[in-house]
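Heads up, the thing below is written out as structure tokens.
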Amino acid sequence: MLITAIIIAIGLTILALIATIIWLLKASGLFTSIKIQVTQPSFEFLTIVYKFQKGDYSTSADIFRDIINYSPSHSTIGIYYDKTDVTPVEERRFIVGVIVDETKDAEMIKRMEADDYKIFKLPKSVQSVYTTFPFSSVFSVSIANMRVPSRLEGFIQSNKLDAHPLIEIYEPTIIHYFVPLSSHEIYNVPELISESS
């Protein structure tokens, strides 16, 4: 009798654990439908404080984590300039930054600039290949990275579009992805321009 009760308790615990994992993965976007469209995202002019890097795009996570030390509540941004199917890993260029208000965030900006972050103004967004993804947990980022960029690239290739760079904006509950269809150079930070010249 006791053994039966223990087996039932273990079984119920395992079922609860499986249900929790499935719920967490669902909430994190594993089963979310990715709807891609060509539109003009609603972002106006943005001021960002960023770091420029070269290498594996996965190392961008280190800068995202560093930004949390300055402010866990600000929206963050990543811009990935090179296509992974043609650019060697060590040559891939990207920035990671935080979206700021130059007046309200003046003190934070000073602290970040003292730590080698730079400031840059992004123009109003242009017509782009665009989609969103839920941002409900740290798992959302991993799931999004596995699913979204390849889907965007497939859409761009199948429609023969000239779209780049890939831009990600992380807001509290949603990740915006857009890939501009024109004016590509306006997203180039000074480090990218000096490297290209």
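Within the accessible area of the range 36-195, what % is carbon and sulfur when the probe is 1.4 Å and the other protein chains stay in place? Kindly include the intermediate steps, with their values, before the conclusion.
Details: 4290 of 8030 Å².
The C+S portion of the solvent-accessible surface of the range 36-195 is 53 percent.
With P(r) over Cα pairs in 10 Å bins from 0, in percent defined as stated, name the option among [x] 9, 33, 34, 19, 5, 1; [y] 8, 31, 33, 14, 7, 5, 2, 0; [z] 8, 30, 32, 19, 8, 2, 1, 0 computed from the structure displayed. After the calculation, the listed value that fits is [y]. Of all lysines in the structure, the ones whose alpha carbon falls short of 18 Å from that of Lys110, not counting any fewer than 8 places away in one chain, are Lys51, Lys118, Lys121. Local charge for Thr131 was computed over the other residues whose Cβ lies under 9 Å away, with Lys and Arg +1 and Asp and Glu -1, and equals +2. Figure note: Thr173, Thr87 ranked by solvent-accessible area, largest first, 1.4 Å probe, ligands and nucleic acids not counted: Thr173, Thr87. For the chain, hydrophobic long helices are taken as DSSP H runs at least 15 Å long by C-alpha position along their axis with mean Kyte-Doolittle hydropathy of -0.5 or more; these are 2-27, 60-70, 138-158. Annotation for the range 82-188: trypsin sites (Lys or Arg not before Pro) lying in DSSP loop with at most 11 further Cβ atoms inside 10 Å of their Cβ are Lys104, Lys160.
The values are calculated or read from the model by the stated rules, or taken from the named source; none is laboratory data. The shown structure was predicted, so the numbers you read here are calculated from the model rather than taken from an experiment. Counting neighbours? That spans all protein chains shown, and the Cβs are built from the backbone with ideal geometry, glycine included. Ligands, DNA and RNA are excluded from the accessible area calculation, which covers all protein heavy atoms including side chains. Shrake-Rupley method; radii C 1.70, N 1.55, O 1.52, S 1.80 Å.
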